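> Starting off with a structure, shown below.
The values are calculated or read from the model by the stated rules, or taken from the named source; none is laboratory data. What you see is a predicted model; the values in this text were computed from it and never measured. Here Cβ is always computed from backbone atoms with ideal geometry, including for glycine, and neighbour counts include all displayed protein chains. These area figures cover heavy atoms from the full protein model, side chains too; ligands, DNA and RNA do not enter into them. Shrake-Rupley method; radii C 1.70, N 1.55, O 1.52, S 1.80 Å.
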Amino acid sequence: MSVDGITGIQLDQSAIKALTRHETVQQAVQDTAQRGRDFARSIAPVDTGRYRDSIEVREDGDEAEIVSGVDYAEHVEYGTRHMEGQHIFGRTLDSMNKSGGTS
């Protein structure tokens, strides 16, 4: 396909979807998420350990996310009027971006 001398690319969406479901790609997604989880836990503030221990990987199909299941996780991340935010997930994302997905 060409528009005014510019060549366009047509993506094969079904091939891309199949690639994301490939065992090797799935393993890479899981490994990366687990490294992120481990990094987040390593920088998490610890009082009782409940917050740190709640940080886990949640997998859904061909996706994985790092989450915390405690009800006060948002306060730890962003802070409150009484405390500064710790930005655990933000710092984890920054670290993973800088290291190319590895922490």
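> Scan the stretch 62-95 for residues that are under 19 Å from the mean Cα position of the chain (by Cα) and at positive phi and jot them down.
H87 - this is the single residue of the stretch 62-95 that is under 19 Å from the mean Cα position of the chain (by Cα) and at positive phi.
> Give me a count of the residues in the stretch 47-65 that are touching a Lys or Arg at 6+ places or on another chain (Cβ under 9 Å), at pLDDT 95 or above and not charged (D, E, K, R). Full working, then the answer.
Taking the stretch 47-65 as the starting set, the residues that turn out to be touching a Lys or Arg at 6+ places or on another chain (Cβ under 9 Å) are 52-53, 55-57, 61-62, 64-65.
Those still in the list that are at pLDDT 95 or above too: 52-53, 55-57.
Among the residues that remain, those that are also not charged (D, E, K, R) are: 55, 57.
Residues in the stretch 47-65 being touching a Lys or Arg at 6+ places or on another chain (Cβ under 9 Å), at pLDDT 95 or above and not charged (D, E, K, R): 2 in total.
> Here's something else I'd like to know. Restricting the search to the stretch 51-103, which residues are under 27 Å from T24 (Cβ atoms), among the hydroxyl-bearing types (S, T, Y) and surrounded by 13 or more Cβ atoms within 10 Å (Cβ to Cβ)?
Kept after step one, since they are under 27 Å from T24 (Cβ atoms), are these residues of the stretch 51-103: 55-67, 89, 92-103.
Remaining after also requiring among the hydroxyl-bearing types (S, T, Y): 92, 95, 99, 102-103.
Across the stretch 51-103, the qualifying residues are T92, S95, S103.
> Could you list, ordered by first residue, the pairs with Cβ atoms under 9 Å in which the first is in the stretch 63-87 and under 18 Å from R41 (Cβ atoms) and in contact (Cβ under 8 Å) with a residue 40 or more places away in the chain and the second is open to solvent by less than 90 Å² (accessible area, probe 1.4 Å) and not small (G, A, S), at least 6 apart or interchain?
Once the first residue is under 18 Å from R41 (Cβ atoms) and in contact (Cβ under 8 Å) with a residue 40 or more places away in the chain and sits in the stretch 63-87, its partners that are open to solvent by less than 90 Å² (accessible area, probe 1.4 Å) and not small (G, A, S) give Q86/I43; Q86/P45; Q86/V76; Q86/E77.
> Let me ask another. Does the stretch 10-30 contain any residue that is open to solvent by less than 80 Å² (accessible area, probe 1.4 Å) and assigned to a loop (DSSP other than H, G, I, E, B)?
no
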